[in-house]
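Values in this text are rule-based calculations from the coordinates and carry no lab data. Here the structure is a predicted model, which means the values were calculated and not measured. Note that each Cβ is placed from the backbone with ideal geometry, even for glycine, and that neighbours are counted across all protein chains shown.
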Amino acid sequence: MSRCMPLSKEIPPMKDLTSDNITENVKILNNQTSSPRVRYVFDRLVSHVHDFVRETCLSTEEWQAGIDFLTAAGQISNELRSEMTLLSDTLGVSLLVDAINHPRHGKATEGTVLGPFHTHDAPVAESGYVLHEDQEAAKLLVLCSVQDTSGEPVADVVCDVWEGDAYGFYDVQNPNRIRPDGRALLRTNKEGKFHFTAVVPVPYPIPMDGPVGKMLTLLKRHPNRPGHIHFMLRKAGYDNLITALYPRGDPYETSDPVFGVKESLVVDLGTVNDQISRAYNVPVGTKMLKYDFVLVPEQEARELRAKRAEEAVKNLDFDVDLMDGLPVLAVD
């Protein structure tokens, strides 16, 4: 008995394929999918990858090096390290995907990259939580509010926050990690506010011991991220916000290797005075960060995504329809 799968439908003979006809033949096979969106994504993927090979006259050795590179990126990854995310970040793809999927305008807080160090085991905590156990680190009081685009406070927003320690290391980079450190899940109160104590962010190099590090070395790019604190804000009815705040004046502010810095996310640090010290029970003179986040209603974000999608396909040299706000190949 044959172990082969039956043909799903009549397929034109595919023999004598060349560099001139291979692309369209691959598309013929892929187009058997019943999903218009999948068909479109793979149509464009095959087109661009094949064009890349043709335009670069890619050698067999170079293609194998690329395969080895991606294989190594997968092999070094685990539940606490995502080398593929780091690759996406350093090629600017992560920021591009975020910008397309979470468009912002007006007063809305801009998004940025998630990064490779987010986890799903952050402790659920109350406002005032101290992120780090290191008592010697320079502390930072973080006071935040969350409002909608009309200026109204948004209560009960899940606020996922995380950062590196005073040396720029995230807890997942510690081989002896026992429990989460430098991260927490908080919620906004009725006034849309939350606060916590972090450490003053410092710049740090992204991991250079894997394939991405070798790539940056080859390209003569530095690996140093400016200091920052990550935020992920979520509430039903609002577009998810993944962003970060960067203290002003960092030496790598204008050359972030993952392209995450935006001027609206660069902040000036203040200092805790007597009144704030009494209100939040932190020492006078502690560094302080204040920021007002603005979330976009999901419907507004959906409409803006659809508008941007229409603009994106307007000048393509092939026929495209839109389905659920996303481009698909036009049906003949």
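Mind checking the full-extension length gain between I67 and F52? Use 0.36 nm per residue of separation minus the Cα-Cα distance, one decimal, nm.
Gain on stretching I67 to F52: 3.9 nm.
Tell me which label goes with the value of Kirkwood radius over Cα pairs in Å computed from the coordinates here: (1) 20.3; (2) 21.9; (3) 22.9.
Given (1) 20.3; (2) 21.9; (3) 22.9, the structure-derived one carries the label (3).
In the neighborhood of F231, defined by Cβ-to-Cβ distances under 15 Å, what is the net charge if each Lys or Arg adds +1 and each Asp or Glu adds -1?
Every neighbour counted, the sum reads +2.
Take the Cβ-Cβ distance between Q173 and S2 as r, set R0 to 56 Å, and report the resulting FRET efficiency rounded to the nearest 0.05.
Between Q173 and S2 the formula returns 0.65.
Please report how far the C-alpha centroid of the stretch 215-245 lies from that of the stretch 302-332, rounded to the nearest whole angstrom.
The two parts, judged by their Cα centres, are 28 Å apart.
Quick one: F231, F196, fewest Cβ neighbours within 10 Å first, how do they rank?
Arranged by neighbour count, lowest to highest, F231, F196 become F196, F231.
Take W162, W63 and order them by how many other Cβ atoms sit within 10 Å, fewest up front.
W63, W162
If each of V158 and A236 carries a label point 7 Å out from its Cα toward its Cβ, how far apart are those two points in nm?
1.2 nm
Taking the Cα centre as origin and putting +1 on Lys and Arg beta-carbons and -1 on Asp and Glu beta-carbons, what dipole magnitude results for the chain, to the nearest 20 debye?
400 debye
Less than 12 Å from a label point 7 Å out along the Cα-to-Cβ axis of R37: which backbone N atoms in the stretch 289-332 qualify, by residue?
Of the residues in the stretch 289-332, 323-328 have backbone N under 12 Å from the label point off R37.
In nm, to one decimal, how far is the K307 label point from the S264 one, both placed 7 Å along Cα→Cβ?
About 1.4 nm, to one decimal.
With the crude spin-label approximation of a point 7 Å out along Cα→Cβ, what separation in nm comes out for T60 versus R248?
Result for the modelled spin labels: 5.8 nm.
Work out the FRET efficiency for L91 and N281 from their Cβ-Cβ distance, taking R0 = 41 Å, and round it to the nearest 0.05.
Efficiency computed from Cβ-Cβ geometry: 0.40.
Under a Cβ-only charge scheme (Lys and Arg +1, Asp and Glu -1), can you give me the dipole magnitude of the stretch 224-319 about the Cα centre, in debye to the nearest 20?
In total the dipole reaches around 420 debye.
In what sequence do V320, V161 fall when counting other Cβ within 10 Å, fewest first?
So the residues, fewest neighbours to most, are V320, V161.
Tell me which residues come under 5 Å, amide H to amide H, from I229 once H is placed; ignore anything under 5 positions away on its chain.
Placed amide hydrogens put L245 under 5 Å from I229.
So if each residue of separation counts as 0.36 nm, and I subtract the Cα-Cα distance between E133 and V320, what length gain in nm does that give?
Contour length minus Cα-Cα distance gives 61.9 nm.
In the structure displayed, which of K139/K214; K139/K220; K107/K235; K193/K262; K262/K307 lie more than 29 Å apart, Cα to Cα?
Check vs 29 Å cut-off fails for K139/K214; K139/K220.
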